[in-house]
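The values are calculated or read from the model by the stated rules, or taken from the named source; none is laboratory data. All of these numbers come straight from a predicted model, not from anything done at the bench. Note that we place each Cβ from the backbone using ideal geometry, even for glycine, and neighbour counts take in every protein chain shown.
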Amino acid sequence: MLPLITELLDRYNIYLQPIYFVVAWVFLGILLSTLIGGFRDIKKRGEIMHKIPCSECQYFTNNYHLKCTLQPRIANTELAIECPDFVIKKTW
């Protein structure tokens with residue numbers, strides 16, 4: 001079976017080369033579009049994460065066990081963007 005396949009590939013190689021070329025460029029295009037889409041998603045996610053105001057809140061403890069004394073379930077999540085208990089940390 002293998003000698004038959006190699007013989008066919010050798011015989012029709014000149015006709016198959018343009019197909020190989022197109023397939024290679026299609027795969028490269030798919031790879032680039034996937035990478036660009038991934039970077040776009042990372043940028044969008046980063047912008048959302050930078051809107052979370054928890055680290056500037058008076059009630060934020062920066063403790064692993066209890067991050068926020070008033071809203072511990074939503075601390076450092078997207079739900080904290082519109083937190084009703086947000087008070088700017090006072091610096092003395």
Practice prompt. Could you please tell me which pairs satisfy a Cβ distance under 9 Å, a separation of 6+ or placement on different chains, a first residue in region 60-73 that is more than 15 Å from ILE88 (Cβ to Cβ), and a second residue that is in a strand (DSSP E or B)?
Written response: THR61/CYS68; LYS67/PHE60; THR69/PHE60
Worksheet entry | Number of the condition not met by TYR12 [criteria: (1) at pLDDT below 90; (2) exposed (fewer than 10 other Cβ atoms within 10 Å of the Cβ); (3) not charged (D, E, K, R)] | (2)
Fill in: region 47-58, residues that are within 25 Å of the chain's Cα centre (by Cα), of a type outside the set (Ser, Thr, Tyr) and surrounded by 10 or more Cβ atoms within 10 Å (Cβ to Cβ)
ILE48, MET49, LYS51, ILE52, PRO53, CYS54
Practice prompt. Search region 35-59 for residues that are within 25 Å of GLN71 (Cβ to Cβ) and pair each with any residue that is assigned to a loop (DSSP other than H, G, I, E, B) and small (Gly, Ala, Ser) when their beta-carbon atoms are under 7 Å apart and the residues are at least 6 apart or on different chains.
Written response: CYS54/ALA75
